[in-house]
Amino acid sequence: MKIPYSFSYLLVLSLLLSLAGCSKLEPDYFPGYVEAEYVRLGAPVAGTLTKLQLKTGDQVHADAPAFLLEQENERAERAEAEFRVQRAQSQLSDLKKGKRPDELAAVQAQLAQAEAALRLSQADLARQSQLVKTNFISAARLDEARAAAANDQAKVNELRADVRVARLGARSDEIVSAERDIKIAEAQLAQSEWKLSQKVQKVPADATVVDIYYREGEQVPAGMAVVSLLPPENIKARFFVPENQLGALQLGQPVSLSCDGCGKPVAATITYVSPSAQYTAPIIYSKENRANLVFMLEARPSRQDAPRLHPGQPLEIRSAGIATQKTP
């Protein structure tokens, strides 16, 4: 039976309309790009750049020399601090020693003279006492002898104390103060040595030299970066996932990264899931406009595969289990 032309037209039209209303397939990947966390290496102290040992594109290893700033001022400060430490140590040592041998010998000689004078006055006092008993001399002469003996005894006591002091060091308070002076001087020395060490910077980790900000002979302010480095572990993929597919992804989940000219896909692991949406429609949520919500995720490749990626490079991120079909 021959089908009328008008009926055939209506049949094809209805078929096309039904196909248009059916669900359509979405891409089986999430769009993203390569992101990099650069290490900007500088010095905490200012100075003139005297030696730059890196150039753009170098592949450098950890602890490799990076750059050197002028050090003349810091060397002078360190030398001054060393002299201060030595002076403080000498002062403390001198306080603990007490009198010098010749000074101690002089005090001991004075003590010997005083002791001899005391023996003489004591003997004279004994004779005067006998003479008073026989009324040969007056009591006033005996009082004079007693006073002389007492004076000599006091002199002996004084010099004996001087000898003991001469053998001792300084008072404890003076020694404690001198010890604190040493600690202050040592702290100043440590500070000057730290400043001197900061004038020489080394590469903190295996990395690629991305950029150079200063050249030899230029003045580098304190804290300003001289070179920019990119360690391979600081390369990551950043991609965006619709709200209705976020539940299929989680931290630690493996994904694959594809890009133009990368060859086979690069394996990576999800290391970050944004806690909030990156885009929100300016209307109340509904089933239709929830699809406008996207969440940012990050994934990191291994150190071996990271160099295959380049910052800013577009990526396609795929993971097993993601939805590929949009419901009508």
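The values are calculated or read from the model by the stated rules, or taken from the named source; none is laboratory data. In this text, all values refer to a predicted model and were calculated from it rather than measured experimentally. Virtual Cβ from ideal backbone geometry, glycine too; neighbours counted across all protein chains shown. Side chains included, ligands, DNA and RNA excluded: accessible areas come from the protein's heavy atoms. Shrake-Rupley method; radii C 1.70, N 1.55, O 1.52, S 1.80 Å.
State all residues of the range 177-212 that are closer than 17 Å to Gly57 by Cα and either open to solvent by less than 60 Å² (accessible area, probe 1.4 Å) or part of a strand (DSSP E or B) (or both); if no residue qualifies, say none. Before the answer, list the steps.
Taking the range 177-212 first, the residues closer than 17 Å to Gly57 by Cα are 202-212.
Hits for the range 177-212 are Lys202, Val203, Ala205, Asp206, Ala207, Thr208, Val209, Val210, Asp211, Ile212.
What about Glu35, is it surrounded by 11 or more Cβ atoms within 10 Å (Cβ to Cβ), modelled with pLDDT under 90 and not polar (S, T, N, Q)? Talk me through it step by step, then tell me what you get.
Values: surrounded by 11 or more Cβ atoms within 10 Å (Cβ to Cβ): yes; modelled with pLDDT under 90: no; not polar (S, T, N, Q): yes.
Considered against the rule, which asks whether it is surrounded by 11 or more Cβ atoms within 10 Å (Cβ to Cβ), modelled with pLDDT under 90 and not polar (S, T, N, Q), Glu35 comes out as no.
Which ones in the range 262-279 are more than 16 Å from Glu35 (Cβ to Cβ), at pLDDT below 90 and surrounded by 14 or more Cβ atoms within 10 Å (Cβ to Cβ)?
Of all residues in the range 262-279, those more than 16 Å from Glu35 (Cβ to Cβ) come to 263-265, 267, 275-277, 279.
Add one more test, that the residue is at pLDDT below 90, and what stays is 263, 275-277, 279.
Ala277 - this is the single residue of the range 262-279 that is more than 16 Å from Glu35 (Cβ to Cβ), at pLDDT below 90 and surrounded by 14 or more Cβ atoms within 10 Å (Cβ to Cβ).
Out of all the residues in the range 19-29, is one or more of a type in the set (A, V, I, L, M, F, W, C), at pLDDT below 95, more than 30 Å from Gln198 (Cβ to Cβ) and touching a strand residue (DSSP E or B) at 6+ places or on another chain (Cβ under 6 Å)? Steps first, please.
Kept after step one, since they are of a type in the set (A, V, I, L, M, F, W, C), are these residues of the range 19-29: 19-20, 22, 25.
Those still in the list that are at pLDDT below 95 too: 19-20, 22, 25.
Those still in the list that are more than 30 Å from Gln198 (Cβ to Cβ) too: 19-20, 22, 25.
Cutting the leftovers down to touching a strand residue (DSSP E or B) at 6+ places or on another chain (Cβ under 6 Å) gives us 25.
Within the range 19-29, one or more residues are of a type in the set (A, V, I, L, M, F, W, C), at pLDDT below 95, more than 30 Å from Gln198 (Cβ to Cβ) and touching a strand residue (DSSP E or B) at 6+ places or on another chain (Cβ under 6 Å).
Can you find a residue that is aromatic (Phe, Trp, Tyr), open to solvent by 50 Å² or more (accessible area, probe 1.4 Å) and either under 41 Å from the mean Cα position of the chain (by Cα) or at pLDDT below 95 (or both) anywhere in the range 286-305? So that I can check it myself, show each step before the final result.
Step one: of the range 286-305, the residues aromatic (Phe, Trp, Tyr) are 295.
Pick out the ones that are also open to solvent by 50 Å² or more (accessible area, probe 1.4 Å) and you get none.
No - not one qualifying residue is present in the range 286-305.
Identify, from the list Ala106, Ala114, the residue that is within 26 Å of Val163 (Cα to Cα), within 60 Å of the chain's Cα centre (by Cα) and either modelled with pLDDT of 75 or more or assigned to a loop (DSSP other than H, G, I, E, B) (or both). Walk me through it before giving the result.
Numbers: Ala114 fails: within 60 Å of the chain's Cα centre (by Cα).
Selected residue: Ala106, the only one of Ala106, Ala114 that is within 26 Å of Val163 (Cα to Cα), within 60 Å of the chain's Cα centre (by Cα) and either modelled with pLDDT of 75 or more or assigned to a loop (DSSP other than H, G, I, E, B) (or both).
Counting only residues that are under 36 Å from the mean Cα position of the chain (by Cα) and in contact (Cβ under 8 Å) with a residue 40 or more places away in the chain, which one in the range 241-254 is farthest from Tyr272 (Cα to Cα)? Can you show your working first?
First, the residues of the range 241-254 that are under 36 Å from the mean Cα position of the chain (by Cα): 250-254.
Still in the list and also in contact (Cβ under 8 Å) with a residue 40 or more places away in the chain: 253-254.
On the way: Gln253: 10, Pro254: 12 Å.
The extreme case among them is Pro254.
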